[in-house]
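The block underneath contains the structure these notes are about, expressed in structure tokens.
The values are calculated or read from the model by the stated rules, or taken from the named source; none is laboratory data. Here the structure is a predicted model, which means the values were calculated and not measured. With ideal geometry, Cβ positions are generated from the backbone for all residues, glycine too; neighbour counts draw on all protein chains shown. The protein model used for the area step is the full one, side chains on, heavy atoms only, and it has no ligands, DNA or RNA in it. Shrake-Rupley method; radii C 1.70, N 1.55, O 1.52, S 1.80 Å.
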Amino acid sequence: MSRKPISLRTELPLLIWLVIVWGALWRDFSPGNLLFGALIALVVARIFYLPPVELSGRFNVLRAFPFALVFLAKVVAASFQVIYLAVAKGPKVVNAVVEVPLRSHSDLMVTATGHVLSLIPGSLVVEVDRSTSTLYIHGLDIRDEADAARLRKEVQDTEAGLIRIMGTKAELEALEAETAPPAAGTTKGATP
Amino acid sequence: MTPEAGGVDAVIDAVTAVFLVLGALMSLTATIGLLRFPDLMSRMHAATKPQVLGLFLLLAAIGLQMRQWWVWPVLVVAWIFQLLTVPVSAHMVGRAGYRTKHLHPELLSVDELEAVVRRSAAEQEGTGTGPASTAGSAEDPELDDVLGLGEAGDGALRGAAGQNLDDRGDGRGDQGEGKG
């Protein structure tokens, strides 16, 4: 097992998160407790080594806040939709497995997109092809090609939102270049 | 107690009540969904997703009633762990369900994964390389890995390709139950 040495800076978000969890579990945010928590976090991060998560180095809070609100609204709306489907359609519901190629090839971005989609009721990541960063998504109540195209567009919009929040500069530029001219999208299935 | 404080209390109690009832309703959805939906994957939608909102509402209700600041970090951490783990478990069950054919193809309007699996299976058998695929080139080892047809995958492939008679029987039973 080869160990890449990680700089303290890359590890900092993880350490801060561990300290917050420590404080939350003790329900005590006094300096002494936090200091002890930080000590334990350091030791744990050193002993139980995990491959570092490659963050892009940018995080746009102004974009993140509306994204979180929209996400919450979608979760609420989709939850009620699932209730409706469960009660009204039940066994007659028609689904689909849709292939959606993503723009980004970073593991973090694919994971984040998959997580956000899976949390919104109605879509579920069935399979991930990491080499081409393609998600295979099981969508609830997808009756025809138009619905599938809508699902595909939603997935790509979600990814675009995440890239705007925390994608790398290169990804962001590629996204801007793609969205700037409203002409034919390069993405498959954009035109049904 | 001043009447104003009483008013605030009443509002908080009312909001708590709404949150509790809605949260419980979300959990009820999971049960209804499990009973009503026809196959494993649509059941997974009902069983995992509304819970996220349900737990959020219940935790918020707890936070509102406790009225001590130190409960909030615990509640937030609890919800974040829920956010992190629910998609993973849903993905694992969905993925395993797809591979073991616990799904009803006739209920899928579009299935774009099937072709990829079939192509990958064909490559594994060594019968043909197939045309250039949309999901990775033929020599890409990672695709095999992703589709579980890698090291341990041979068995999984056999399972998917040939040995699924049991599964199919199972599926049929499922279907009958769904229709009934």
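State which residue is most open to solvent (accessible area, probe 1.4 Å) when the search covers only segment A:79-104 and only residues that are more than 7 Å from chain B (Cβ to nearest Cβ) and among the hydrophobic types (A, V, I, L, M, F, W, C).
Residue satisfying both the conditions and the ranking: A:Phe80.
Going residue by residue through segment A:127-145, is there one that turns out to be open to solvent by less than 10 Å² (accessible area, probe 1.4 Å), outside any helix (DSSP H, G or I), modelled with pLDDT under 85 and more than 11 Å from chain B (Cβ to nearest Cβ)?
no
Mind checking whether some residue in segment B:72-85 is at the interface with chain A (Cβ under 10 Å from one of its Cβ atoms) and touching a His at 6+ places or on another chain (Cβ under 8 Å)?
Taking every residue of segment B:72-85 in turn, at least one turns out to be at the interface with chain A (Cβ under 10 Å from one of its Cβ atoms) and touching a His at 6+ places or on another chain (Cβ under 8 Å).
For segment A:37-50, give me each residue that is touching a residue at least 12 places away in the same chain (Cβ under 8 Å) and either loosely packed, with under 11 Cβ neighbours inside 10 Å or hydrophobic (A, V, I, L, M, F, W, C) (or both).
A:Ala38, A:Ile40, A:Ala41, A:Leu42, A:Val44, A:Ala45 - these are the residues of segment A:37-50 that are touching a residue at least 12 places away in the same chain (Cβ under 8 Å) and either loosely packed, with under 11 Cβ neighbours inside 10 Å or hydrophobic (A, V, I, L, M, F, W, C) (or both).
Are any residues in segment B:16-69 within 12 Å of chain A (Cβ to nearest Cβ), part of a loop (DSSP other than H, G, I, E, B) and more than 30 Å from B:Leu108 (Cα to Cα), and if so, which ones?
Matches in segment B:16-69: B:Gln68, B:Trp69.
Test A:Val70 against the criterion of being β-branched (Val, Ile, Thr) and away from every other protein chain (no Cβ under 11 Å), and give yes or no.
Yes: the conditions hold for A:Val70.
Does A:Ser118 satisfy the criteria of being facing chain B (nearest Cβ under 8 Å), in contact (Cβ under 8 Å) with a residue 40 or more places away in the chain and part of a helix (DSSP H, G or I)?
Values: facing chain B (nearest Cβ under 8 Å): yes; in contact (Cβ under 8 Å) with a residue 40 or more places away in the chain: no; part of a helix (DSSP H, G or I): yes.
No; evaluated as a whole, the condition is false for this residue.
It is to be established whether one or more residues within segment B:62-78 are within 27 Å of A:Tyr84 (Cα to Cα) and of a type outside the set (Val, Ile, Thr).
No; the residues of segment B:62-78 include none that is within 27 Å of A:Tyr84 (Cα to Cα) and of a type outside the set (Val, Ile, Thr).
Are there any pairs, at least 6 apart or on different chains, whose C-beta atoms fall under 6 Å, with the first in segment A:132-148 and closer than 13 Å to A:Leu85 by Cβ and the second in a loop (DSSP other than H, G, I, E, B), and if so, which?
The qualifying pairs are A:Leu140/A:Gly122; A:Asp141/A:Val93; A:Arg143/A:Val94.
What number of residues in segment B:79-124 are surrounded by fewer than 16 Cβ atoms within 10 Å (Cβ to Cβ) and of a type in the set (Gly, Ala, Ser)?
Number of matching residues: 4.
Kindly check whether there is at least one residue in segment B:41-57 that is more than 25 Å from A:Thr111 (Cβ to Cβ) and at pLDDT below 90.
So the first thing to find is which residues in segment B:41-57 are more than 25 Å from A:Thr111 (Cβ to Cβ), and the list is B:57.
Cutting the leftovers down to at pLDDT below 90 gives us none.
Looking for residues that are more than 25 Å from A:Thr111 (Cβ to Cβ) and at pLDDT below 90, one finds none in segment B:41-57, hence no.
Do we find that A:Leu108 is open to solvent by less than 10 Å² (accessible area, probe 1.4 Å) and either in contact with a Leu (Cβ under 7 Å, 6 or more places away or on another chain) or not aromatic (Phe, Trp, Tyr) (or both) in this structure?
No: the conditions fail for A:Leu108.
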